[in-house]
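Below: one structure, written as structure tokens.
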Amino acid sequence: MSHTILPTVLRSALLAAGVAAGADSAIAQDATAPGGGGGGGIQRERSFPAIASGKWTGKRLRDGQPDIQGQWSNTIANHNNWTDPQGGVPGDPNPRAIPKTSRAERAPSRVSDPPDGQVPFQPWARAVQQDLLANFHNPTRPEYVEPLARCAPAGVPKSFTWHGFEIRQYPGIVLILFNSGSRLIYIDGRPHLPESIKLWNADSRGHWEGNTLIVDVTNNNAKARFARTGEFASDKVHIEERYVFDNGGQRFNYVATITDPTVYTRSWTATIPVRRYTEKDEPDGWHYEVEVANTKDGHLQHEHPERICVENNGPFGQVAVAPPKKK
């Protein structure tokens with residue numbers, strides 16, 4: 001089973017629900033950039049272009065949406081470290097995960113505001129985040145085990161740094177297929193779900209303004225973390241996402257304003273740069289995690305296979321150990 005069957009499944013679900021049927025700056029890439037974790041073929045940028053919101057001049061779909069369908073992945077690292085994306089997880093006992101360059105030579109923090117690149121936690125919340133980080137590699141209590149390691153959805157916004165993903169579009173809907181779960185962004189004007197309903201990937205309502213998809217994100221159960229470094233929000237969090245696409249259709253910047261007065265001292269902004277992957281790119285184990293598939297007309301194309309999540313203790317210390325030998 002692959003994602004190729006999803007249009008039929010989605011069509012049935014939509015009918016049941018009553019839904020009618022340039023970047024202009026140089027990019028520095030480094031295939032061997034430091035930072036723990038990865039998967040095969042990771043390439044990481046140390047800088048990325050700003051993309052301004054404005055008019056969309058690219059291809060449109062029949063319903064008028066800008067056509068942004070395809071395979072995408074973030075460009076500066078994976079989900080290891082939220083504020084030092086190429087810096088690995090502090091305290092990692094694996095020597096290969098230790099950065100080989102100075103902080104100034106690595107990609108910027110995903111926190112683009114405040115300027116110091118740090119999440120503006122309230123003191124109690126900073127203490128919780130630091131405790132989660134200190135116990136990440138040797139989780140002696142259940143709360144120290146990252147939910148993603150137990151096959152839970154990666155959540156918002158972490159999904160954008162956890163493997164590549166696919167965007168598909170339907171009338172009134174933008175569908176994002178992640179490595180761990182999916183999101184339906186409704187752009188047909190329907191209201192949010194009742195406040196009492198909380199979801200791993202939250203509840204998303206959006207609209208297009210030129211080249212920018214603006215999404216209001218509520219109803220987050222806040223069980224997912226932002227990274228292995230322990231950053232988090234509460235279930236009161238409100239997120240405004242802006243997906244700003246270049247008119248060449250090759251990149252977008254994900255810019256999220258995150259507000260949660262119960263956890264942070266102020267609203268703050270995260271920025272994640274993303275690039276498109278096509279059949280001209282070599283498949284790899286992270287950004288472009290695809291296989292060659294046949295279509296009905298015999299045309300070969302790359303498709304995401306269905307991925308089986310296996311619970312693991314890979315980066316979490318010796319959680320599973322052999323019993324002691326009997327004397």
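The values are calculated or read from the model by the stated rules, or taken from the named source; none is laboratory data. Remember, predicted model here, so these are calculated numbers, not experimental data. Neighbour counts are summed over all protein chains in view; Cβ atoms, including those assigned to glycine, are modelled from backbone coordinates with ideal geometry.
Does at least one position in the range 88-100 carry a residue that is under 18 Å from His287 (Cα atoms) and modelled with pLDDT under 95? Scanning the range 88-100 turns up at least one residue that is under 18 Å from His287 (Cα atoms) and modelled with pLDDT under 95. Which members of the range 44-99 meet the condition of being within 16 Å of Arg110 (Cβ to Cβ) and of a type in the set (S, T, N, Q)? Residues satisfying the conditions are Ser47, Ser73, Asn74, Thr75, Asn78, Asn80, Asn81, Thr83, Gln86. Evaluate the following for Val217: is it outside any loop (DSSP other than H, G, I, E, B), more than 12 Å from the chain's Cα centre (by Cα) and within 30 Å of Asn135 (Cβ to Cβ)? Yes: the conditions hold for Val217. Within the range 146-165, being more than 16 Å from Phe226 (Cβ to Cβ), surrounded by fewer than 18 Cβ atoms within 10 Å (Cβ to Cβ) and either hydrophobic (A, V, I, L, M, F, W, C) or modelled with pLDDT of 90 or more (or both) holds for one residue alone: Cys151. Among residues of the range 232-269 being among the acidic types (Asp, Glu) and not in a strand (DSSP E or B), the one that is farthest from His163 (Cα to Cα) is Asp260.
Just one of the numbered conditions (1) over 29 Å from Thr262 (Cβ atoms); (2) assigned to a loop (DSSP other than H, G, I, E, B) is not true of Gln71: (2). Residue count for the range 184-214 under the criterion of being part of a loop (DSSP other than H, G, I, E, B) and touching a strand residue (DSSP E or B) at 6+ places or on another chain (Cβ under 9 Å): the result is 15.
Per the conditions (1) assigned to a loop (DSSP other than H, G, I, E, B); (2) among the β-branched types (Val, Ile, Thr); (3) farther than 30 Å from Val145 by Cα, the sole criterion not satisfied by Thr229 is (3). Taken over the range 247-271, residues that are among the charged types (D, E, K, R) and surrounded by fewer than 19 Cβ atoms within 10 Å (Cβ to Cβ) amount to 1.
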